[in-house]
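Trainee: Here you go, one structure.
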Amino acid sequence: MTSDYIAMGPWQLAFAAALILINLIFSMMLKLQLEKMLWVASLRMVSQLLLLGYVLEWIFALQNFVMILGLALMMATVASVSAVSRTRRRFGTIYLSSFMSVAVSSCFITSIALAGIVQIEPWYHPQYFFPLLGMVLGNTLNGISLALDRFMEDLSARQNQIESLLAIGATRWEAAHDSVKEAARTGMIPIINSMMVMGIVSLPGMMTGQILAGALPLDAVYYQIVIVFMIASASALGVILIILMAFHCLLNTRHQLCTARLHTKPSGKRK
Amino acid sequence: MNCPAPVLQANNLGRQIESSWMWKGLSFSFYPGDRVGVVGPSGSGKTLLLRVISGLDDAQEGNLSFQGKALRHWQMPEYRSQVIFLPQRPALLEGTVEMNLQYVYRFSIYQDQTYQREQILHYLSLLGREADFLKRKDTELSGGESQIVAFLRALQLSPIVLLFDEPTASLDEDAAKNLETLVHSWQQQQSRSLYLWTTHDQAQLKRMTDQQIHIWKKAS
């Protein structure tokens, strides 16, 4: 992988930006009132990415493990808040549960993969650690968010059924097992679906990027396979952790279903 | 009855919802063979009392004991295999009536027991129903029929205490009488058994219960 790729300069960026002008003109001619949105979105995208570029240069130069860990935990915090923000119901320790499952699953799988599979020295080398962690986090948070939402909705919807079973001697696990199973299945759907069609319907962005940067297609594919397995195992781990934590919060050791601990988010908005 | 030990005993029980007391200061001792009516106006917390006794909710005050052992010392699945609450609107699992009856034997607490079809058919005959009732799907059952299934599901496990929450509210008169007959025959077979029963039907209260506990919502 040498740098035999065509680097983009200011001219290329300006030309690409001009492409969006076509849309602006159409929007104005047809009075679609899309101009403002397009304009804002373009500006945001450019400034966020430019900022990221500078930040990444700084991050990749980091040597201090504590700094790297701190940054990783910060990313996990943002991911865990965002996982909760898409659910409709809440319980007291939901943010803590979400953070624990996001952070443990993503950091654990990423570290293992870097130390054991990529075998980079040191294993937390920021140039490898952060891009991989970012990809794993982004996907894990999706699974966790879906599983969590489904689990809480299911417990609320099936309250009668679960309590009918508890009332005749089921343990909390026996009574809520269907909800656990459904939530786990729901949380795993996105990654399973994407694995099913990967390479046929979708060309993974990371792999495309590597190929554009001059990597041999097969090398890029190998990398992609490692990443997808990382994402799948981190998602599964995160989904299982969040369901177990929500389970322990909402069904107590007295085998009672504590739906009183669940409350609906005031605005009830979903992203 | 020459002074046996009480099966179910409550001392100064109180249930609070948010900051107001639904009821408090409730004390009772029930013995084998007791037939107890729980009486009070709508919304007074009769169902809540049954839920507290079944351990689905906690009381905020007082203690409850079963067979001389405080509720908090019981393992809930074991306790609830002997003290079974039958909710007014039981939710059955997807599938046939028979599947619902068999399902409970998967629970670890019943792992030494097996489904007895003959016994169920006997119960069904007392209820005036044919064997094909077992083949009915959960979605085809009326509210009253669902309650019957939940009752049979509990009955086959030979509980000691049954907590009936308006068990015949959605049944016609004949079906209600049949259910009462089955409750009688259960209690005659199980000499240690007792039940609590809520209803708004005064005639049924007279027929089915010998004593009543009255609860009412205290002004807070």
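Trainee: What are the pairs, 6+ residues apart or on separate chains, where a residue within the stretch A:201-217 that is on the phi > 0 side of the Ramachandran plot has its Cβ under 7 Å from a residue that is modelled with pLDDT under 90 and surrounded by 11 or more Cβ atoms within 10 Å (Cβ to Cβ)?
Mentor: Every condition considered, the pairs that remain are A:GLY214/A:MET1; A:GLY214/A:TYR5.
Trainee: Using the structure shown, decide if B:GLN188 is assigned to a helix (DSSP H, G or I) and either touching a residue at least 40 places away in the same chain (Cβ under 8 Å) or surrounded by fewer than 17 Cβ atoms within 10 Å (Cβ to Cβ) (or both).
Mentor: Yes.
Trainee: If B:ILE109 satisfies every condition in (1) in contact with an Asp or Glu (Cβ under 7 Å, 6 or more places away or on another chain); (2) away from every other protein chain (no Cβ under 13 Å) but one, which is the exception?
Mentor: Every listed condition holds for B:ILE109 apart from (2).
Trainee: Okay, next question. What are the residue pairs meeting all of these: first residue in the stretch A:167-194, first residue of a type in the set (Asp, Glu), second residue outside any helix (DSSP H, G or I), Cβ atoms under 8 Å, and 6 or more apart or on different chains?
Mentor: A:GLU174/B:PHE107; A:ASP178/A:ARG158
Trainee: Follow-up. Among the numbered criteria (1) under 30 Å from A:LEU250 (Cα atoms); (2) small (Gly, Ala, Ser); (3) surrounded by fewer than 17 Cβ atoms within 10 Å (Cβ to Cβ), which one does A:GLY70 miss?
Mentor: Looking at each condition in turn, A:GLY70 falls short on (1).
Trainee: Could you say which residue among B:LEU196, B:LEU179, B:LEU152, B:LEU162 is in contact (Cβ under 8 Å) with a residue 12 or more places away in the chain, under 17 Å from B:GLY37 (Cα atoms), part of a helix (DSSP H, G or I) and touching a helix residue (DSSP H, G or I) at 6+ places or on another chain (Cβ under 9 Å)?
Mentor: Of the residues listed, the single one that is in contact (Cβ under 8 Å) with a residue 12 or more places away in the chain, under 17 Å from B:GLY37 (Cα atoms), part of a helix (DSSP H, G or I) and touching a helix residue (DSSP H, G or I) at 6+ places or on another chain (Cβ under 9 Å) is B:LEU179.
Trainee: Consider A:SER156 against the criteria (1) touching a residue at least 60 places away in the same chain (Cβ under 8 Å); (2) within 14 Å of chain B (Cβ to nearest Cβ); (3) buried (at least 22 other Cβ atoms within 10 Å of the Cβ); (4) among the polar types (S, T, N, Q): it satisfies all of them except one. Which criterion is unmet?
Mentor: Among (1) touching a residue at least 60 places away in the same chain (Cβ under 8 Å); (2) within 14 Å of chain B (Cβ to nearest Cβ); (3) buried (at least 22 other Cβ atoms within 10 Å of the Cβ); (4) among the polar types (S, T, N, Q), the lone unmet condition for A:SER156 is (3).
Trainee: Please verify whether A:TYR128 is surrounded by 16 or more Cβ atoms within 10 Å (Cβ to Cβ) and over 19 Å from the mean Cα position of the chain (by Cα), treating the condition exactly as stated.
Mentor: Against the criterion (surrounded by 16 or more Cβ atoms within 10 Å (Cβ to Cβ) and over 19 Å from the mean Cα position of the chain (by Cα)), A:TYR128 does not qualify.
Trainee: When residues of the stretch B:67-106 are filtered for being under 21 Å from B:ILE148 (Cβ atoms) and either more than 18 Å from the chain's Cα centre (by Cα) or assigned to a helix (DSSP H, G or I) (or both), how many remain?
Mentor: 14
Trainee: Moving on to the next point. Using beta carbons and a limit of 6 Å, which pairs, at least six apart or on different chains, have the first residue in the stretch B:114-133 and at pLDDT below 95 and among the acidic types (Asp, Glu) and the second one loosely packed, with under 14 Cβ neighbours inside 10 Å and outside any loop (DSSP other than H, G, I, E, B)?
Mentor: none
Trainee: Continuing with this model, one more query. Against the definition (surrounded by fewer than 19 Cβ atoms within 10 Å (Cβ to Cβ), within 12 Å of chain A (Cβ to nearest Cβ) and among the aliphatic types (A, V, I, L, M)), how does B:ALA70 come out, yes or no?
Mentor: Answer is no for this residue.
Trainee: Take the residues in the stretch A:192-226 that are of a type outside the set (A, V, I, L, M, F, W, C) and surrounded by 15 or more Cβ atoms within 10 Å (Cβ to Cβ); name whichever of them is farthest from A:LEU146 (Cα to Cα).
Mentor: A:GLN210
Trainee: While we're looking at this one, here's another question. Provide a single number: the residues in the stretch A:160-190 that are within 20 Å of B:PHE85 (Cβ to Cβ) and either touching a helix residue (DSSP H, G or I) at 6+ places or on another chain (Cβ under 6 Å) or not hydroxyl-bearing (Ser, Thr, Tyr) (or both).
Mentor: The number of residues fulfilling the criteria is 16.
Trainee: Next up: Can you give me the number of residues within the stretch B:50-66 that are at the interface with chain A (Cβ under 9 Å from one of its Cβ atoms) and part of a helix (DSSP H, G or I)?
Mentor: 2
Trainee: Quick check on the stretch A:76-96: of everything there that is crowded, with 20+ Cβ neighbours inside 10 Å and hydroxyl-bearing (Ser, Thr, Tyr), which residue is farthest from A:THR110 (Cα to Cα)?
Mentor: A:THR87
Trainee: Residue check: is B:SER81 buried (at least 16 other Cβ atoms within 10 Å of the Cβ), among the polar types (S, T, N, Q) and facing chain A (nearest Cβ under 9 Å)?
Mentor: When the stated conditions are applied, B:SER81 passes them.
Trainee: Further, regarding this structure: When residues of the stretch B:1-51 are filtered for being surrounded by 17 or more Cβ atoms within 10 Å (Cβ to Cβ) and among the hydroxyl-bearing types (Ser, Thr, Tyr), how many remain?
Mentor: Number satisfying all stated conditions: 2.
Trainee: Given the structure, is B:ALA169 away from every other protein chain (no Cβ under 14 Å), outside any strand (DSSP E or B) and touching a residue at least 60 places away in the same chain (Cβ under 8 Å)?
Mentor: Here the answer is yes, as B:ALA169 does meet what is asked.
The values are calculated or read from the model by the stated rules, or taken from the named source; none is laboratory data. In this text, all values refer to a predicted model and were calculated from it rather than measured experimentally. So basically every Cβ, Gly included, is an ideal-geometry build from the backbone, and we count neighbours across all protein chains shown.
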